[in-house]
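**Q** This is the structure I have questions about; it appears just below.
The values are calculated or read from the model by the stated rules, or taken from the named source; none is laboratory data. Quick caveat: nothing in here was measured; it's all calculated off a predicted structure. All Cβ positions, glycine included, derive from the backbone under ideal geometry; neighbour counts span all protein chains shown. Ligands, DNA and RNA are stripped out before the accessible areas are found, and what is left, the full protein with its side chains, is counted by its heavy atoms. Shrake-Rupley method; radii C 1.70, N 1.55, O 1.52, S 1.80 Å.
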Amino acid sequence: MRGWTTVAALALALGGCDDAGGASADGGGGADAGRRDAGPRQDAGPRPPPPAPACAAAPGGGSATVAAPELVAELGDRWHEGWLGSPAVADLDGDGTMEILAARHGLLLGWHLDGAIVLRVEVEGRIWASPIVADLVPDAPGLEVAFAARGRVHVVGADGSARSGFPVEWQDELRSLAAGDVDGDGRLDLVAVTTRPLAGGGQRDIVIAWHADGRVVDGFPPNTTGAAGCDDACYVTGGYDQNVAVGDLDGDGAAEIFATQDNAYLSLHAGDGRAFDAASIFRGRTKFSGVRFLHDYAEAQQGWAPNEDTASQAHFTNSAPAIVDLDGDGTRELVVLGSVQNAAQTDRLRGVALWAIRADGTRPSAWTTPFHAPDYLAGLWDYEGTNVVAATNQVTVADIDPAREGPELIFAGFDGRIHAVSARAEGLWQTEYTDSERVLTGGVVVADLSGDGAPELVFTSYSPDPGLSALFVLAANGELLHRVALPGRGAMPVPTIADVDGDGQLEIVVALKDGEDRVRQVQVYTVPGSGTACLLWPTGRGNLLRNGWVP
């Protein structure tokens, strides 16, 4: 079965490739309530110089010039639209040829670069989160793909057949799925977060974990079984968009589970379900999940603000977090981007804030106040009646400036800008990618696209309106390098960067929002002169385990 079209045949339909100096900076789009997306502009003030290379250069030194992405394939099946699942590139069956995977509504699809469909798994309901690709069942041949559709988690092999014990079912809807070794037995487990909490015994749960044979991990769900040890101040509610990170925080060989949720609180569980304790500075709170994340540190410690109309607090509805050692002290921090509202919850348009938090709820000295990007253009609300959703508040972690201590943190605000922040909470730069309230982005990936050792930043935009979206490439200092128009309503998922054809050169895989019957659902761009030596954050959630873990 075929589902592709050559680039030459579609050149006119695509609207061409608009680089930074191109004549069609709006991507050929239509009107937007009197506004047009004019593409990135550099904000007022000098742009920092390009940082030194963060990676080793390719043999020969690469090039200081990043070539424009070139469309090499369009992959399609039917009309099924996409949600937030970042595509995956992997050799599932070990035959030396990469498969390109994309999650669509009710469908997991896999192609070869020539357009042949080699995997097609039909399920009930939309697949929201990014599919996991890993060796979940070492005794079975090849790799497995795990994905969640509504309230079910599926695990299939390279041929699409279900692995033993799957599918499993829990609280609908499961919009967050990640993999990690939760119980420390050396095998990967699956962790999901639901939008609809399970209630029982005076507690609520949003986190569940399964072994790779479908059995629930001991201690889960943690709060309602009592494994968490929660009292009456564990404030848990649903998570709505890839709200989980999984990684070993305390060095015991088992991964912890960090879950964000639709309030000003967060959940943190050990691999046996135990809820992490809160530091004693938090009055009347024994557990991490009882700490209220007010911006003012003193107010957070007492759990309330004297003036809730003016005080700012976090809201972690759509927050996709990360786990990383920011300061190099051997202890990892929890990093999360949240929307900002007043504590009275009557003013929700206060932008976004980036947090770094320790496992007991305390904050590193550089982060006693979160980094706040206060401007608001769009991103908090879904576009009603369009199946185009609000922004994912996710942070990308990558060392793009080796002259600074620790990695940099990159995110999209509610202000139409991409922001870069240092590991010490210093704003480094910001680049505006839109001035339209009807254009958003899913998040940023990072890789060296020219072989010179200096990484580039790549992201796509999306809109409820056709013709306003694009694929962007920025330099490590935020300078716009390329802008390529995308068809239809653009791409809600984070793109994926990988060597798809095995030629040592990188491709950018873009999963489009729209599905055109037998024409296109995924676009693949190659970047001439790129190499595979520097893939710092190459796909949604950082890796194909989708766990936000930074080694």
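**Q** Which one, LEU354, LEU337, SER280, is farthest towards the positive end of the dipole of segment 259-407 when Lys and Arg carry +1 and Asp and Glu -1 on their Cβ?
**A** The Cα lying farthest towards the positive end belongs to SER280.
**Q** Pull out the extension gain between GLU70 and GLN302, defined as 0.36 nm times the separation in residues minus the alpha carbon to alpha carbon distance; nm, one decimal. Write down the numbers at each step before the final one.
**A** Details: separation 232, 0.36 × 232 = 83.52 nm, distance 5.49 nm.
Roughly 78.0 nm would be gained on extension.
**Q** Please calculate how many Å² of accessible area segment 387-453 carries per residue, with a 1.4 Å probe and no DNA, RNA or ligand atoms counted. Let's see the in-between values first.
**A** Values: 1520 Å² over 67 residues.
Roughly 23 Å² per residue, with all protein chains present.
**Q** With the other protein chains left in place, how much accessible area per residue, in square angstrom, belongs to segment 486-551 at a 1.4 angstrom probe?
**A** On the way: 1750 Å² over 66 residues.
Per-residue accessible area for segment 486-551 comes out at 27 Å².
**Q** Here's another thing I want to ask about it. Pull out the extension gain between ALA403 and ASP93, defined as 0.36 nm times the separation in residues minus the alpha carbon to alpha carbon distance; nm, one decimal. All intermediate terms of the calculation are to be shown ahead of the outcome.
**A** Details: separation 310, 0.36 × 310 = 111.60 nm, distance 4.13 nm.
Gain on extension, ALA403 to ASP93, equals 107.5 nm.
**Q** In whole Å, largest first, what are the principal axis extents of the Cα atoms in segment 407-551?
**A** Between the extreme Cα coordinates on each principal axis of segment 407-551 lie 45, 39, 29 Å.
**Q** Using alpha carbon centroids, what distance separates segment 431-468 and segment 337-372, in Å?
**A** Measuring centre to centre over Cα atoms gives 24 Å.
**Q** Mind running the shape call on segment 398-455? Use the C-alpha gyration tensor, a ≥ b ≥ c as the square roots of the eigenvalues: rounded below 1.5 for a/c, prolate if a/b tops b/c, oblate otherwise. Display every interim value, and only then the final one.
**A** Working: a/c = 2.75, a/b = 1.50, b/c = 1.83.
The shape class here is oblate.
**Q** Label segment 91-175 by shape, choosing from rounded, prolate and oblate, from the square roots a ≥ b ≥ c of the eigenvalues of the Cα gyration tensor; if a/c is under 1.5 it is rounded, and otherwise prolate applies when a/b is larger than b/c, oblate when it is not.
**A** Details: a/c = 2.33, a/b = 1.36, b/c = 1.72.
Judged from the Cα gyration tensor, segment 91-175 comes out oblate (a/c at least 1.5, b/c at or above a/b).
**Q** Counting every Cα pair in the chain, what percent are over 30 Å apart?
**A** On the way: 69498 of 151525 pairs.
Counting every Cα pair in the chain, those more than 30 Å apart make up 46 percent.
**Q** If you don't mind, there's one more thing I want to ask. Suppose R0 equals 51 Å; then what is the FRET efficiency for GLU426 and TRP79 from their Cβ-Cβ distance, rounded to the nearest 0.05? Walk me through the numbers before you get to the answer.
**A** Numbers: r = 46 Å, r/R0 = 0.91.
Computed FRET efficiency for GLU426 and TRP79: 0.65.
**Q** Please tell me the relative contact order of segment 432-521 in percent, rounded to the nearest whole number, where contacts are Cα pairs under 8 Å and at least six residues apart.
**A** Values: 195 pairs, mean separation 19.8, N = 90.
After rounding, I find 22 percent.
**Q** Taking amide H positions as placed in the peptide plane 1.01 Å from N, state which residues far from GLN521 in sequence (5 or more) or on other chains have amide H under 5 Å from it.
**A** For GLN521, whose amide H was placed from the backbone, the distant partners under 5 Å are LEU75, GLY76, ASP77.
**Q** Could you check what % of the DSSP bridge pairs in segment 197-335 are antiparallel, to the nearest 5? Each step should come with its number before you reach the end.
**A** Numbers: 18 of 18 bridges.
Looking only at bridges with both residues in segment 197-335, the antiparallel portion is about 100 percent.
**Q** Let me ask you something else. Just from its helices, what would the mean residue ellipticity at 222 nm be for the chain, if runs of 4 or more DSSP H residues each count -39500 (n - 2.57) and the sum is divided by every residue, rounded to the nearest 500 deg cm²/dmol?
**A** On the way: 3 runs with 18 residues, N = 551.
Theoretical 222 nm ellipticity from helices: -500 deg cm²/dmol.
**Q** Another one. Hey, got the dipole for the chain? About the Cα centre, +1 on K and R Cβ, -1 on D and E Cβ, debye to the nearest 20?
**A** Numbers: 38 positive and 75 negative charges, 217 e Å.
The calculated dipole for the chain is roughly 1040 debye.
**Q** If you don't mind, another one. Could you work out the equivalent-ellipsoid semi-axes for segment 250-390, taking the square root of 5 times each eigenvalue of the Cα gyration tensor, largest first, in whole Å? List each step's numbers first, then the result.
**A** Numbers: eigenvalues 128, 71, 40 Å².
Its equivalent ellipsoid spans semi-axes of 25, 19, 14 Å.
**Q** Loop only by DSSP, 13 or fewer other Cβ within 10 Å of the Cβ. Give me the trypsin sites (Lys or Arg not before Pro) in segment 236-344 that pass, ordered by residue number. Kindly include the intermediate steps, with their values, before the conclusion.
**A** On the way: sites: ARG274, ARG283, ARG285, LYS287, ARG292, ARG332; in loops: ARG274, ARG283, ARG285, ARG292, ARG332.
Sites meeting the loop and neighbour criteria: ARG283.
**Q** Shifting gears a bit: What percentage of the solvent-accessible surface of segment 210-264, computed with a 1.4 Å probe over protein heavy atoms, is contributed by carbon and sulfur atoms?
**A** On the way: 740 of 1700 Å².
Carbon with sulfur: 44 percent of the solvent-accessible area.
**Q** Report relative contact order for segment 402-551 in percent, whole number only (criteria: Cα-Cα under 8 Å, sequence separation at least 6). All intermediate terms of the calculation are to be shown ahead of the outcome.
**A** Details: 353 pairs, mean separation 26.7, N = 150.
Reported as a whole number, the value is 18 percent.
**Q** Between ILE281 and THR386, 0.36 nm times their residue separation minus their Cα-Cα distance comes to what? Kindly include the intermediate steps, with their values, before the conclusion.
**A** Values: separation 105, 0.36 × 105 = 37.80 nm, distance 4.56 nm.
That pair, ILE281 and THR386, stretches by 33.2 nm at full extension.
**Q** If you don't mind, there's one more thing I want to ask. Let me cross-check ASP248: its accessible surface, 1.4 Å probe, with only protein heavy atoms counted, in Å² to the nearest 10?
**A** Result for ASP248: roughly 40 Å² accessible.
**Q** Got the relative contact order for the chain handy, in percent, Cα pairs under 8 Å and 6 or more residues apart? If you can, show how the numbers build up before the last one.
**A** Working: 1717 pairs, mean separation 104.1, N = 551.
Normalised by residue count, the contact order of the chain is 19 percent.
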